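For reference, the structure is listed below as structure tokens.
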């Protein structure tokens, strides 16, 4: 079992604090909250009319965050949403994202942030794999028609009534949008909030909030896994709030600071490095509608470094190691990387409560000077992966198999790379299997093989070797144009070459030699003109 994160008395476990008859026991400090409901009420009480989240002319105060999320939370309860119900949210960084996240979490449902750069086939996979019951979304994002994207993802919607029954997403019952001029199958946000006076008042909301326990699921964040399926990482209320407190201390944030949200909130980096710690301290998060951060900011999310244009304290420019499964950074190193180990400096400081092991392929401790897989057990580790058995991800002692490789050097560990084929491009994970599946589905393609290629700016970029069918006349540029409509920008290959089957480097057993394939792609290609903006 993963050790308990915090030893707290029963009166701080999120139940008594929210009992309608004991409102005076609400925590005075937001850092004392153990559920999102308690956190939202605490920041409203503590910071009142201070601006919490700002995007252009739209300003959300702390009091607004509590009031608006309470109305939406009551509407969700009226629609039967409750403990464990998975609800997607699809907004650019801004007030609507914060309100929707808070409302979903307050009633004990699981908030599932959806990527604003996900293409329709990706949306279809996320909604089906996540077993989503409903989605709350913007009408448009950066000029993109979001209902139209859902129609492209689910052709059944075009003839569907608003109460959904889709074979491609069997648990999905409604899609609600913050906007007007919607197709017949879509619900409005007013519909979702319209039943709040039908017996779902503040007392019922308080009663529901009181039954949400810190150990229960709060967020499910998707990240690329080794398989073609998306990977849903589940975190509890306790994990989210404990990491929030830890992150703001480690990053050196102070009360009332204004911070720019460069990283998207649908990834852990935007939540842990910006939104949540800023809210805990009564600061202001300033958002633009741009949902894809500058490429250099991905490195900040993945490695914990400060960005030149961020407001992160210069005194805390440290390199860290973390992942979605640990809800952000769990370890830190000081100083520049060792020239002999350029990926990361020695990891010498770990989040309190974390236990770290480095083991060989048989699970035995790695000897000094050796390299093995990093295993973790600690307070802000995920509850688990959606639709993945615990035994697949954890060993018998409760240690998570991270897939990260570490080199043991006395009392410190050096991160040296990833175990397996995962591509890490500008801090974002890319599953080769997912990209291969999309390429193989294109007309005229017999097979596709995807690997990571070294890149001085992004660490790695996606490279692809495509085997055409015998009679097909394929052009790499045409294949890339189609892939741009089916994959998020960072997953689209930067280099793509056409090869004959006999040109593929294979082992005697017929497996692809990854390093040799990467060399072939590098040698045969020129950099694709496609570029992430």
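The values are calculated or read from the model by the stated rules, or taken from the named source; none is laboratory data. Just so you know, these numbers come straight off a predicted model, no measurement behind them. Note: ideal-geometry Cβ built from the backbone for every residue, glycine included; neighbour counts use all protein chains shown.
Structure notes:
- Single residue of the range 140-162 satisfying the filter (surrounded by fewer than 18 Cβ atoms within 10 Å (Cβ to Cβ) and touching a strand residue (DSSP E or B) at 6+ places or on another chain (Cβ under 7 Å)) that is nearest to residue 78 (Cα to Cα): 162
- Here 473, 404, 455, 481 are screened, and the one residue that is closer than 24 Å to residue 356 by Cβ and outside the structural domain of residue 121 (by TED's automatic domain parsing) is 404.
- Taking residues in the range 332-361 that are on the phi > 0 side of the Ramachandran plot, and partners anywhere that are modelled with pLDDT of 80 or more and surrounded by 14 or more Cβ atoms within 10 Å (Cβ to Cβ), the pairs with Cβ atoms closer than 7 Å and at least 6 places apart or on different chains are 353/378; 353/379.
- Which listed residue, of 185, 191, is in the same structural domain as residue 104 (by TED's automatic domain parsing) and at pLDDT 95 or above: 185
- Among the numbered conditions (1) over 17 Å from residue 208 (Cβ atoms); (2) out of contact with any strand residue (DSSP E or B) (no Cβ under 7 Å at 6 or more places or on another chain), the only one that residue 75 does not meet is (1).
- Breaking point among (1) buried (at least 24 other Cβ atoms within 10 Å of the Cβ); (2) modelled with pLDDT of 95 or more; (3) assigned by TED's automatic domain parsing to the domain that holds residue 92, for residue 210: (1)
- Among the candidates 137, 124, 52, residue that is closer than 17 Å to residue 276 by Cβ, in contact with a strand residue (DSSP E or B) (Cβ under 9 Å, 6 or more places away or on another chain), crowded, with 19+ Cβ neighbours inside 10 Å and not assigned by TED's automatic domain parsing to the domain that holds residue 486: 52
- Of the residues making up the range 391-401, just one is over 13 Å from residue 361 (Cα atoms), part of a strand (DSSP E or B) and touching a residue at least 24 places away in the same chain (Cβ under 8 Å), namely 400.
Okay, residues lined up against (1) touching a residue at least 12 places away in the same chain (Cβ under 8 Å); (2) surrounded by fewer than 19 Cβ atoms within 10 Å (Cβ to Cβ); (3) assigned to a loop (DSSP other than H, G, I, E, B):
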residue: 234; (1), (2), (3): yes, no, no
residue: 241; (1), (2), (3): yes, no, no
residue: 249; (1), (2), (3): no, yes, no
residue: 259; (1), (2), (3): yes, no, no
residue: 266; (1), (2), (3): yes, no, yes
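- Test: residue in the range 486-508 that is in contact (Cβ under 8 Å) with a residue 60 or more places away in the chain, closer than 22 Å to residue 455 by Cβ and more than 30 Å from the chain's Cα centre (by Cα): no
- The residues of the range 456-469 include none that are closer than 16 Å to residue 504 by Cα and loosely packed, with under 12 Cβ neighbours inside 10 Å.
- For the range 343-382, the set of residues classified as modelled with pLDDT under 95, assigned to a loop (DSSP other than H, G, I, E, B), under 19 Å from residue 396 (Cα atoms) and touching a strand residue (DSSP E or B) at 6+ places or on another chain (Cβ under 6 Å) consists of 360, 366, listed by residue number.
- Residue within the range 423-435 that is part of a loop (DSSP other than H, G, I, E, B), modelled with pLDDT under 95 and within 28 Å of residue 131 (Cα to Cα) present: yes
- Looking only at the range 325-342, and only at residues there that are surrounded by fewer than 22 Cβ atoms within 10 Å (Cβ to Cβ) and closer than 28 Å to residue 242 by Cα, the one that is modelled with the highest pLDDT: 332
- Taken as a whole, the condition of being assigned by TED's automatic domain parsing to the domain that holds residue 54, crowded, with 21+ Cβ neighbours inside 10 Å and at pLDDT 95 or above applies to residue 217.
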